[in-house]
Amino acid sequence: MSQATSSPAIGSGLQAELDPLDQRLSHNLADIKHKLVVMSGKGGVGKSTVAVQLAVGLALAGHSVGLLDVDLHGPSIPRMLGLKGHAEVLVDEQLIKPVIIDEGLKVISVELLIPNKDASVIWRGPMKIGVIRQLMGDVTWGNLDFLIIDAPPGTGDEPLTVAQNVEGAKVVLVTTPQEIALADLRKSMDFCRKLELPVLGLVENMAGMICPHCGEPVEFLGKGGGRDTAAKFGVKFLGSMPWDPRLMAAADAGRLVELLRRERDEAAPWQGMVEEVRDLLGERKK
Ligand SMILES: Nc1ncnc2c1ncn2[C@@H]1O[C@H](COP(=O)(O)OP(=O)(O)OP(=O)(O)O)[C@@H](O)[C@H]1O
Ligand SMILES: [Mg+2]
């Protein structure tokens, strides 16, 4: 892959002044209606899980969806989806073909482009920026209703590159109920404010649990915490997801998409989150 190290904001200048990757990037993303970046200050709160839930739920609702994993150090989307092998790269045409899960859902992760999945790749900042920009410029998504971007935790190069290169991106913040997550949430909010990245809303994950015996939610951390947190931060509340051992087992087995499709149920909290997102973006009546 070639690398580009500069990252001027797309849309900030004339096409003629943009380098070829900038032009491809701008052109490629123009056919995508909504771009959502899933972010959190803290690691392991369920961003990748939420990104998959959003992608699958939106696809089930009839939208065309792309799922882009920009977590270069710990990409987990291929593992959760059981994707093996490599994505097809047409070097001469400078095209990367996404993996097609089905008609409505396409996926790409940097892990699908590197030869040895178990090798650690040492990414310097400019390399990361170049690779992410190339993923955004060269993946042949076609027309999409939604591009869901799964970012690593924190406010480093990856979310920064997305923020600076994806015009119109909106953020879905993920948090867990613990107090300690709130300090990180504050940092994420500050990051979004500084970069003028609109926050679509907040998702609370691992709130309570589904009882393994009766299948009902157990509200051991109390109810409404996520809603209060969203209100405190002045953002929309997109929903609260319980801790569900089946979700973790399915993700570990690479069968997360199958589980979500099988358990398709409009009353399920994750589908409530998807409907909130569609509502907020005016996509409910499709
Ligand atoms: N609601 C849930 N119920 C049960 N397990 C969950 C839930 N959400 C996430 N998990 C599990 O918790 C672990 C961490 O989730 P995930 O990888 O989605 O978090 P992340 O925020 O993307 O992590 P990272 O910061 O490393 O990217 C995974 O094993 C996942 O299967
Ligand atoms: Mg993740």
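Quick notes on this structure:
- Considering only 118, 19, 102, the mean-square fluctuation computed in a Gaussian network model of the chain, springs between alpha carbons under 10 angstrom, is largest for 118.
- Each peptide among 134-140, 85-91 gets the average number of other Cβ atoms lying within 10 Å of its residues, and from highest to lowest they stand as 134-140, 85-91.
- Sorted largest first, extent of the chain alpha carbons per principal axis (Å): 58, 41, 39
- Value at 222 nm in deg cm²/dmol, rounded to 500, when DSSP H runs of n ≥ 4 in the chain each add -39,500 (n - 2.57): -11000 deg cm²/dmol
- Evaluated with a Cβ-only charge set (Lys, Arg +1; Asp, Glu -1), the stretch 15-279 carries a dipole of roughly 440 debye about its Cα centre, given to the nearest 20.
- Rough spin-label spacing in nm, given labels placed 7 Å along Cα→Cβ, for residue 143 and residue 183: 4.9
- When the P(r) of the stretch 51-191 is calculated, the portion above 22 Å amounts to 40% of the C-alpha pairs.
- Pairs spanning more than 29 Å between alpha-carbon atoms, out of 106/128; 47/84; 35/232; 106/170; 33/117; 84/187: 33/117; 84/187.
- Kirkwood Rh (inverse of mean 1/r, distinct Cα pairs), the stretch 77-142, angstrom: 12.8
- Rounded to 10°, Cα long-axis angle of helix 47-60 versus longest principal axis of the chain: 90
- Restricting the trypsin sites (Lys or Arg not before Pro) of the stretch 92-173 to loop positions (DSSP other than H, G, I, E, B) with no more than 16 neighbouring Cβ atoms within 10 Å leaves 117, 124.
- Principal axis dimensions, largest first and in whole angstrom, of the stretch 137-220 by Cα: 47, 32, 18
- For residue 139, the residues 5 or more places off, or on other chains, whose built amide H falls under 5 Å of its own are 96.
Read-outs throughout are calculated quantities, based only on the coordinates presented, and are distinct from any laboratory measurement. Treat the numbers as computed from the prediction; the structure is a model and nothing was measured. All Cβ positions, glycine included, derive from the backbone under ideal geometry; neighbour counts span all protein chains shown.
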